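The values are calculated or read from the model by the stated rules, or taken from the named source; none is laboratory data. These numbers were taken from a predicted model, which means no experiment stands behind them. Counting neighbours? That spans all protein chains shown, and the Cβs are built from the backbone with ideal geometry, glycine included. Heavy atoms of the whole protein, side chains included, go into the accessibility calculation; ligands, DNA and RNA do not. Shrake-Rupley method; radii C 1.70, N 1.55, O 1.52, S 1.80 Å.
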Amino acid sequence: MFEEIFSHQRFDDDADFLPLLSVEEEEEDDFDESYPDILPLLALKNTVLFPGIVIPITVGRDKSIKAINKAYKEGRIVAVLSQRDSNIEEPALKDLYQVGAIARILKLLRMPDGTTTAILQGRKRFVVDQLTREHPYMEVGVTTLEYAHPTNKLEFEALIASILDRAKQIIELSPNIPSEANVMLKNINNQSFLLNFIASNLSSKIHIKQKILEIDSLPQKAQVILEQMNSELQLLELKDQIENKVRVDIEKQQRDYFLNQQLKTIQEELGQNPQEEEIQKLQIRAKDKKWPEEAKTHFEKELNRIRRMNPQVAEYSIQLNYLELMLDLPWHKYTKDNFELKKVKTVLDKDHFGLEKVKERILEHLAVLKLKGDMKAPILCLVGPPGVGKTSLGRSIARALKRRFIRMSLGGLHDESEIRGHRKTYIGAMPGRIIQSLKRAGSSNPVFILDEIDKVGKDFRGDPSSALLEVLDPEQNSTFYDNYLEMEYDLSKVLFIATANSLSTIQPALLDRMEIINISGYSTEEKIEIAKRHLIPQQRKEHGLAAKHVRLNKGVIRQAIEEYTRESGVRSLNRQVAGVMRNIAKKVAMEEEYNVTVKPEDLKEMLGPPRFTKDLYQEVRVPGVAVGLAWTQTGGDILFVECSLSRGKGKLTLTGNLGDVMKESASTALSFIKAHSEALGIPAKAFEEKDIHLHVPEGAIPKDGPSAGITMLTTLTSALTGRLVKPYVAMTGEITLRGKVLPVGGIKEKILAAKRAGMKEIILCQENNKHVEQIKEDYISGLQFHYVKTMEEVLSLALEPVGVEV
């Protein structure tokens, strides 16, 4: 702001002007000269002249030279106005502000280079009345302006004091203003001159200075000047903060470098070298490590590289971390497997009830390892609904084999580098999660669970499932390449177990590399055993209860399963058991009396009203209603298929949120019935005079698949012939136009659902017999199975004989 005070440069009327102190510190009102009414006009480009302020200018424009010469000869008085736009070379009166300052020409100097320099002192403000001459220079009629003095002198004095304080702060913050400027300001006694002096030295724009010049009221003028000074002070404070921060950062870097150099020198004098000590520790660890020759050679090469590095560079720590990773990895380090197969089987049976197929596969693998001594680990994929124990089975397998256990969740994984790692050149590079997990495990043959492999994502960062192709291929994973490690690592001894809820979202090439083991839902009997062996003891322990506090018998557990859960697994059952335990824990803690043995009628108080009914099937004694079996993600369920006839032209309507395959099954069934209408006893005109409406209840739930084919056939035939469907009969199977019945999947879940619903007979395709044989007899006792090959057999088994009345 005040840099200009001590400047002695000359400026022309085209450039910025730097104000100087007035020769005389006189009040503007004390100037007793009389000024002519008409004066020569001098236009200034980039500044505003205030009364009392002295400025040197170099006069360059032709009109300006003539005006200044004329004024110098005749009284040395000139009218000075500022231009509105400094880019205009030949301004007219309209291009100038209308308020300016009358100036006295103190000196007019002819410089050696031929230019003219004038030193002007502002005397009094004026306003332009009229333009009296335009050539060869401008002359204007003027009227002088007076200031309105303050009415509240105390308030005005406070304003002046604030302005002086701000000026002092600005002088202290500005590096280009000498401290003597403070003394100069204190020596200015005239308040109006002080305001003009500070206003002329503000770094504000021309239009703001002009506004200050035009203000008649001294208090108002002081207020505007204070606002501008506050803005300038804020800018200087911010600039000072930035400069201080930069200066501190630079000083810290220099200080750190200096201290590091001193430390290095001291350590060398004492015979110490921390970097060398770190490298020696790495060498000692490497000497005792058993690893492949290739890894050893690569380690020595990288170790020699770090010796040549400056410890201060960022790459040094990256290289050090890399070498430590190589030493931490369990190269050729394996845990000893437990080959006592009977004990392994005992551990697996103790931890998990059922899941016989998975347990059998693990025992087979161990048997081969025991006999042969070496074998590539299988890549297993456990597929089943949620809550059946796929993930916990992996932990149990690791415990049985006495191997380390690793679980890696793949759900929502999008970045390929999570599997393969990042290249070392990237900032924050890390090895992939496979290598990181092996480092944590400390063994090269752990049980490695790849959880939720069906939920791996794919986007612009790569396809993780493609990266898993190498990991899960027994022929390739012995040379797995991690981008960070930059070496091959043997994963062939790792027992990978993947888990999934569905195979439909797994990449076909990845699916082909895994051995698929389907884990179906548990039956009610299996859930009762799981609850008795695992869930009840676990929840009892978690709720601080002892065996003496609560007892749950089979009847209560069965009721909880059938009336409070509807699932394939046991997660919901576990929550219900926890609810019972919480209720008992509250009574024990409050020392209330209660019955230790929980009875079936107590469940309503503990868990609320039943959520599901035990027997979903209700006997329907009207034609056109049959019961099918469906597979769902939570297990199996029964499915009612209803048909009604109405007068019409043979139109078939399908409702119930059915998928395309299910609609095609209905069309196929109707076509078969039409083709065999005579054998079935259906008049041909019935198809022309009746509209057929086929509906599957619970329309909000999407349904699809071919397994409802024989159910739709039975429903349509029953409605068209008027014959009743036999009660407590359920069925599932796909149909063809030739009248054949084809096998379907999900047999175990469907049969267990039929038994839960109270069905007594089940009609299946002949080829599904092998699936039924895999189910324990205890779970299907009380069910009668009918195996069929043709659709005629279905109708003879499902429909009541002709003559049975509705």
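Do the conditions hold for TYR484, that is, is it open to solvent by 10 Å² or more (accessible area, probe 1.4 Å), farther than 17 Å from PRO378 by Cα and among the hydroxyl-bearing types (Ser, Thr, Tyr)?
Numbers: open to solvent by 10 Å² or more (accessible area, probe 1.4 Å): yes; farther than 17 Å from PRO378 by Cα: yes; among the hydroxyl-bearing types (Ser, Thr, Tyr): yes.
So TYR484 passes the test.
Among the residues of region 540-554, is there at least one that is at pLDDT 85 or above, farther than 29 Å from VAL383 by Cα and touching a Leu at 6+ places or on another chain (Cβ under 6 Å)?
Checked region 540-554: no residue is at pLDDT 85 or above, farther than 29 Å from VAL383 by Cα and touching a Leu at 6+ places or on another chain (Cβ under 6 Å).
Out of all the residues in region 447-477, which are in contact with a Ser or Thr (Cβ under 8 Å, 6 or more places away or on another chain) and either surrounded by 20 or more Cβ atoms within 10 Å (Cβ to Cβ) or modelled with pLDDT of 80 or more (or both)?
At the first step, the residues of region 447-477 found to be in contact with a Ser or Thr (Cβ under 8 Å, 6 or more places away or on another chain) are 448-456, 458, 461-462, 474, 477.
Those that are in contact with a Ser or Thr (Cβ under 8 Å, 6 or more places away or on another chain) and either surrounded by 20 or more Cβ atoms within 10 Å (Cβ to Cβ) or modelled with pLDDT of 80 or more (or both): PHE448, ILE449, LEU450, ASP451, GLU452, ILE453, ASP454, LYS455, VAL456, ASN477.
Taking region 754-773, which residues are in a helix (DSSP H, G or I) and either open to solvent by 10 Å² or more (accessible area, probe 1.4 Å) or over 21 Å from GLU567 (Cβ atoms) (or both)? It would help to see each step written out before you state the result.
Pass one, region 754-773, residues in a helix (DSSP H, G or I): 754-756, 766-773.
Residues satisfying the conditions are LYS755, ARG756, GLN766, GLU767, ASN768, ASN769, LYS770, HIS771, VAL772, GLU773.
Going by what's in this entry, would LEU366 be described as in contact with an Asp or Glu (Cβ under 8 Å, 6 or more places away or on another chain), assigned to a helix (DSSP H, G or I) and within 28 Å of LEU503 (Cβ to Cβ)?
On the way: in contact with an Asp or Glu (Cβ under 8 Å, 6 or more places away or on another chain): yes; assigned to a helix (DSSP H, G or I): yes; within 28 Å of LEU503 (Cβ to Cβ): yes.
So LEU366 passes the test.
Pull out all pairs, ordered by first then second residue, where Cβ-Cβ is under 7 Å, the residues are six or more apart or on different chains, the first lies in region 761-784 and is in contact (Cβ under 8 Å) with a residue 40 or more places away in the chain, and the second is open to solvent by 70 Å² or more (accessible area, probe 1.4 Å) and part of a strand (DSSP E or B).
none
What about GLU698, is it part of a loop (DSSP other than H, G, I, E, B), under 46 Å from the mean Cα position of the chain (by Cα) and in contact (Cβ under 8 Å) with a residue 12 or more places away in the chain? Give the steps one after another, and end with the answer.
Details: part of a loop (DSSP other than H, G, I, E, B): yes; under 46 Å from the mean Cα position of the chain (by Cα): yes; in contact (Cβ under 8 Å) with a residue 12 or more places away in the chain: yes.
Yes, satisfied.
Being open to solvent by less than 10 Å² (accessible area, probe 1.4 Å) and out of contact with any Cys (no Cβ under 9 Å at 6 or more places or on another chain) is true for just one of ILE528, ILE497, ILE536. Which residue is that?
Result of the check over ILE528, ILE497, ILE536: ILE528.
Exactly one condition in (1) assigned to a loop (DSSP other than H, G, I, E, B); (2) under 30 Å from GLU356 (Cβ atoms); (3) polar (S, T, N, Q) is not met by THR425; state its number.
The one condition THR425 does not meet is (2).
Take VAL627 and decide whether it is touching a residue at least 12 places away in the same chain (Cβ under 8 Å), among the β-branched types (Val, Ile, Thr) and farther than 21 Å from ARG533 by Cα. Spell out the reasoning first.
Working: touching a residue at least 12 places away in the same chain (Cβ under 8 Å): yes; among the β-branched types (Val, Ile, Thr): yes; farther than 21 Å from ARG533 by Cα: yes.
It is true that VAL627 is touching a residue at least 12 places away in the same chain (Cβ under 8 Å), among the β-branched types (Val, Ile, Thr) and farther than 21 Å from ARG533 by Cα.
Sort out for me the helices (runs of 4 or more DSSP H) sitting completely within region 161-258 that have 2 or more residues that are within 20 Å of ARG123 (Cα to Cα).
Working: elements: 180-186, 191-201, 206-214.
In region 161-258, the matching helices (runs of 4 or more DSSP H) lie at 191-201, 206-214.
Output the residue which, of all residues in region 774-799 that are of a type in the set (Asp, Glu) and at pLDDT below 85, is surrounded by the most Cβ atoms within 10 Å (Cβ to Cβ). Break it down into steps so the answer makes sense when it comes.
From region 774-799, those of a type in the set (Asp, Glu) are 777-778, 792-793; that's our starting set.
Checking which are at pLDDT below 85 leaves us with 777-778.
Numbers: GLU777: 7, ASP778: 9.
Ranking the qualifying residues of region 774-799, first place goes to ASP778.
With the structure loaded, tell me whether ILE710 is under 20 Å from VAL788 (Cβ atoms), touching a residue at least 60 places away in the same chain (Cβ under 8 Å) and part of a strand (DSSP E or B) or whether it fails that test. So that I can check it myself, show each step before the final result.
On the way: under 20 Å from VAL788 (Cβ atoms): yes; touching a residue at least 60 places away in the same chain (Cβ under 8 Å): yes; part of a strand (DSSP E or B): no.
No, not satisfied.
Kindly provide the set of residues from region 122-151 that are aromatic (Phe, Trp, Tyr) and not in a loop (DSSP other than H, G, I, E, B), ordered by number.
PHE126 - this is the single residue of region 122-151 that is aromatic (Phe, Trp, Tyr) and not in a loop (DSSP other than H, G, I, E, B).
Pairs under 7 Å by beta carbon, first residue over 18 Å from THR116 (Cβ atoms) in region 43-71, partner of a type in the set (Asp, Glu) and open to solvent by less than 20 Å² (accessible area, probe 1.4 Å), six or more apart or different chains?
PRO51/GLU28; GLY52/GLU28
How about region 561-570: which of its residues are closer than 21 Å to SER392 by Cβ and either touching a helix residue (DSSP H, G or I) at 6+ places or on another chain (Cβ under 8 Å) or at pLDDT 85 or above (or both)?
Step one: filter region 561-570 for residues closer than 21 Å to SER392 by Cβ, giving 561, 565, 567-570.
ILE561, THR565, GLU567, SER568, VAL570 - these are the residues of region 561-570 that are closer than 21 Å to SER392 by Cβ and either touching a helix residue (DSSP H, G or I) at 6+ places or on another chain (Cβ under 8 Å) or at pLDDT 85 or above (or both).
Assuming SER174 fulfils every condition listed in (1) more than 30 Å from GLU237 (Cα to Cα); (2) touching a helix residue (DSSP H, G or I) at 6+ places or on another chain (Cβ under 9 Å); (3) at pLDDT below 80; (4) among the polar types (S, T, N, Q) apart from one, which condition is it?
Result: SER174 fails condition (1) only.
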